[in-house]
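S.K.: Okay, handing you the structure first.
The values are calculated or read from the model by the stated rules, or taken from the named source; none is laboratory data. In this text, all values refer to a predicted model and were calculated from it rather than measured experimentally. Virtual Cβ from ideal backbone geometry, glycine too; neighbours counted across all protein chains shown.
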Amino acid sequence: MSIVSGLLASSLALVAFGLDSTVEVFASLVVLWHLRGADEHTDPARARRAMRLLAMAFGALGVYLSVDSIHGLISHAEARTSPIGMVFLGATVVIMFVFAWAKRRTGLALGNRPLVANARMAAVDGLLAAGILLALALDALLGWWWADPVAAGVVAVITLNEARELWTGEVDLLE
């Protein structure tokens, strides 16, 4: 839905959000795969593989967002207002933050780092949806064409940082 709305509105950030949602589905599948196996204490390599797969998903999205953001700024791409996309994003902001809270709570209770990492991805999705909604509103109300690619660029930086932290294991997600 978001990808189609974004393509119709020529919104880089809205398309990016749709791709981010696709990455979120992939990450959820990785977590389900991880949960079906042994726990982290009996098979730490399985958890490490899951974390690396999540890092690659974040990284792929971050690279795409970076390229698209730069392209949008250089080409002066202007998004058209998408009322359906804006309503969808508003609902998504709420849903993704609730999902993030629930996944984090469950992941901490289970001591499951991939699930906690997936909660972080859900929180990033919520932030992305909020940022894109703001960018689309600024463009519609004030004509700030650059708000859309800038929003995508900000999320690219956040996403690439998440990828780096997950890949290196720099952050103890269970604290």
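S.K.: Residues A152, A156, A117, A130: which one is closer than 15 Å to H76 by Cα and modelled with pLDDT under 90?
M.R.: The conditions single out A152.
S.K.: Does A163 fit the bill of being within 20 Å of L8 (Cα to Cα) and either modelled with pLDDT of 85 or more or over 16 Å from the mean Cα position of the chain (by Cα) (or both)?
M.R.: It is false that A163 is within 20 Å of L8 (Cα to Cα) and either modelled with pLDDT of 85 or more or over 16 Å from the mean Cα position of the chain (by Cα) (or both).
S.K.: Do we find a residue being within 29 Å of G37 (Cβ to Cβ) and hydrophobic (A, V, I, L, M, F, W, C) anywhere in the stretch 127-135?
M.R.: Within the stretch 127-135, the first condition is being within 29 Å of G37 (Cβ to Cβ), and the residues that meet it are none.
The answer is no; no qualifying residue exists.
S.K.: Answer yes if at least one residue in the stretch 125-143 is β-branched (V, I, T), outside any loop (DSSP other than H, G, I, E, B) and without any contact (Cβ under 8 Å) to a residue 40 or more places away in the chain, and no otherwise.
M.R.: To start, the set of residues in the stretch 125-143 that are β-branched (V, I, T) comprises 132.
Next, only the ones that are outside any loop (DSSP other than H, G, I, E, B) stay: 132.
Filter once more, so that each one left must be without any contact (Cβ under 8 Å) to a residue 40 or more places away in the chain: none.
No.
S.K.: Sticking with this structure for a sec: Of the residues that sit in the stretch 40-89 and are under 20 Å from W145 (Cα atoms) and among the charged types (D, E, K, R), which one is surrounded by the most Cβ atoms within 10 Å (Cβ to Cβ)?
M.R.: Ranking the qualifying residues of the stretch 40-89, first place goes to D68.
S.K.: Quick check on R120: is it in a helix (DSSP H, G or I), of a type in the set (D, E, K, R) and exposed (fewer than 14 other Cβ atoms within 10 Å of the Cβ)?
M.R.: Numbers: in a helix (DSSP H, G or I): yes; of a type in the set (D, E, K, R): yes; exposed (fewer than 14 other Cβ atoms within 10 Å of the Cβ): no.
Considered against the rule, which asks whether it is in a helix (DSSP H, G or I), of a type in the set (D, E, K, R) and exposed (fewer than 14 other Cβ atoms within 10 Å of the Cβ), R120 comes out as no.
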